[in-house]
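The values are calculated or read from the model by the stated rules, or taken from the named source; none is laboratory data. Given the structure is predicted, the values throughout are model-derived calculations rather than measurements. When we count neighbours, we look across all protein chains shown, and the Cβ atoms used for this are built from the backbone with ideal geometry, even at glycine. Remember, those area values only see protein heavy atoms, side chains included, never the ligands or the DNA or RNA. Shrake-Rupley method; radii C 1.70, N 1.55, O 1.52, S 1.80 Å.
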Amino acid sequence: MRYLLGFVLLMLPSLMFAAAPEDPAEQMFTVQFVVLEAGPNQEKLSDEKTRQLQTEHLEGLEAMMRQGPALIVGPLEGSDTWRGIAVLDVDSKDKAVALFANDPWVKSGHLVVESLPWNVAKKVLQPLKGEFTDVEPCLLGI
């Protein structure tokens, strides 16, 4: 009986500190954090050409948001080199870069794509609700 009591006393701390089952919403997963940076081509375009490329760019981003794999997209202010970010639910840098291969600003060399793996809680990123253009500024600390 003493041995059984000793065993229970030894196991008690393990039972007390055993991790509770993790809530699926709290689980982490890996995404690609994409930065659209100023590219080597900084040629000034006409207003009409700029509007055309920007329209095509936004249509592509909206398609990625609505159909996946984009979870977040948006422009950045206050940086000389970083123009925008995207968070993509893909498993490699190559896949993230490939998704931007047909972006008109990337194709023209005005933007280049950099991608890094990022671990984030599942509950933080939610599917697009409402209109693609319903945006509000937010702060991102890096």
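For the peptides 40-49, 93-102, 71-80, what is the packing order when you average, over each peptide's residues, the other Cβ atoms within 10 Å and list the highest mean first?
Values: 40-49: 9.1, 93-102: 15.7, 71-80: 13.1.
Going by the mean number of other Cβ atoms within 10 Å, highest first, we get 93-102, 71-80, 40-49.
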**Asked** If each of GLU48 and LYS129 carries a label point 7 Å out from its Cα toward its Cβ, how far apart are those two points in nm?
**Response** 4.3
**Message:** Suppose all protein chains stay in the model; what accessible area per residue would a 1.4 Å probe give for the stretch 30-137, in Å²?
**Reply:** 64
**Asked** For GLY39, which sequence-distant residues (separation of 5 or more, or a different chain) have an amide H within less than 5 Å of its own amide H, given hydrogens modelled in the peptide plane?
**Response** LEU111, VAL112
